[in-house]
1. Could you go through the stretch 240-254 and let me know if any residue there is under 23 Å from Y180 (Cβ atoms) and in contact with a helix residue (DSSP H, G or I) (Cβ under 8 Å, 6 or more places away or on another chain).
2. Suppose we keep only residues that are of a type in the set (K, R) and in contact (Cβ under 8 Å) with a residue 12 or more places away in the chain within the stretch 21-66. Which one would you say is surrounded by the fewest Cβ atoms within 10 Å (Cβ to Cβ)?
3. Hey, among the residues in the stretch 205-232 that are of a type in the set (A, V, I, L, M) and more than 15 Å from the ligand (Cβ to nearest atom), which one's surrounded by the fewest Cβ atoms within 10 Å (Cβ to Cβ)?
4. In this structure, does D70 turn out to be part of a helix (DSSP H, G or I) and more than 21 Å from T36 (Cα to Cα)?
5. Out of all the residues in the stretch 117-139, is one or more closer than 26 Å to A37 by Cβ and modelled with pLDDT under 95?
6. Would you please name the residue that is surrounded by the most Cβ atoms within 10 Å (Cβ to Cβ), looking only at residues in the stretch 158-183 that are away from the ligand (no atom under 16 Å from the Cβ), part of a loop (DSSP other than H, G, I, E, B) and without any contact (Cβ under 8 Å) to a residue 60 or more places away in the chain?
Amino acid sequence: MLVNAAEMLKKARAGQYAIGQFNINNLEWTKAVLLTAQELKSPVILGVSEGAGKYMGGFKTVAAMVAAMDEDLKISVPVALHLDHGSYDGCVACIEAGFTSVMFDGSHDPFDVNLAKTREIVALAHKRGLSVEAEVGSIGGEEDGVIGAGEIADADECRQLAETGIDFLAAGIGNIHGVYPDNWKGLDFEALEAISKSTGGIPLVLHGGTGIPEDMIKKSIGLGVSKINVNTECQLVFAAATRKYIEEGKDLQGKGFDPRKLLAPGTEAIKQTVREKTALFGGGNKA
Ligand SMILES: [Zn+2]
């Protein structure tokens, strides 16, 4: 059931658990995440970066595929289709294309510009029933060619962004995209607590969920994190399972070259990651 993400995240915040955002790259990814969310009776957010949207043919293709698959597979749990790290124009395009949620990432703009653009996107999106995520304090690491330095967000800037009427907020607290380096200092819980206090109970979003230790994940949920983004981990397990299939020569046996067989181990690996993450975040049986 396609919905925006506002209600599921409000419930998560009140119930002290988090909903997983799993980024999708193709049909197999989408099917794996939807079927597993249904199996776990968990609400779920499908994340689509601008690069992934382009890869799949465009935002309209993505929206049509997700809506049709949701119906064909009789998915009854709440599913949000969310633009991840959107530009202003990307948000406008996704609102038109039939997404149910958008993230406007103005974290690389001067703060007053970020604030003004976020306010505009909130007006456009809310008029059409979409939920909105905004970001302050850029997330470290690399995503689709955008390099973030990994700042700690300022609690007062978070308050100002929350007051634009956004539905949930991504605030940098030392988290980064991709695989964490060995010398990573960990999440800044003091900053998270200050942000949580200054933003009046709005659900907070933790980007870069791959490789954050479990105790830190649980502590952050206790401090107001209600949405956790998982992207790299699904890519890693998909690649590893596909590599194993080919290295074992299975593509050369019988009809092992059939894409439905070739991509099956990777798809199953994504399902397993969604199960593990949903259990860790506490999102099962919450639909
Ligand atoms: Zn992110």
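1. Yes, the conditions are met somewhere in the stretch 240-254.
2. Among those that are of a type in the set (K, R) and in contact (Cβ under 8 Å) with a residue 12 or more places away in the chain, it is K41.
3. M216
4. For D70, the condition - part of a helix (DSSP H, G or I) and more than 21 Å from T36 (Cα to Cα) - is not met.
5. yes
6. My answer is T164.
The values are calculated or read from the model by the stated rules, or taken from the named source; none is laboratory data. Remember, predicted model here, so these are calculated numbers, not experimental data. With ideal geometry, Cβ positions are generated from the backbone for all residues, glycine too; neighbour counts draw on all protein chains shown.
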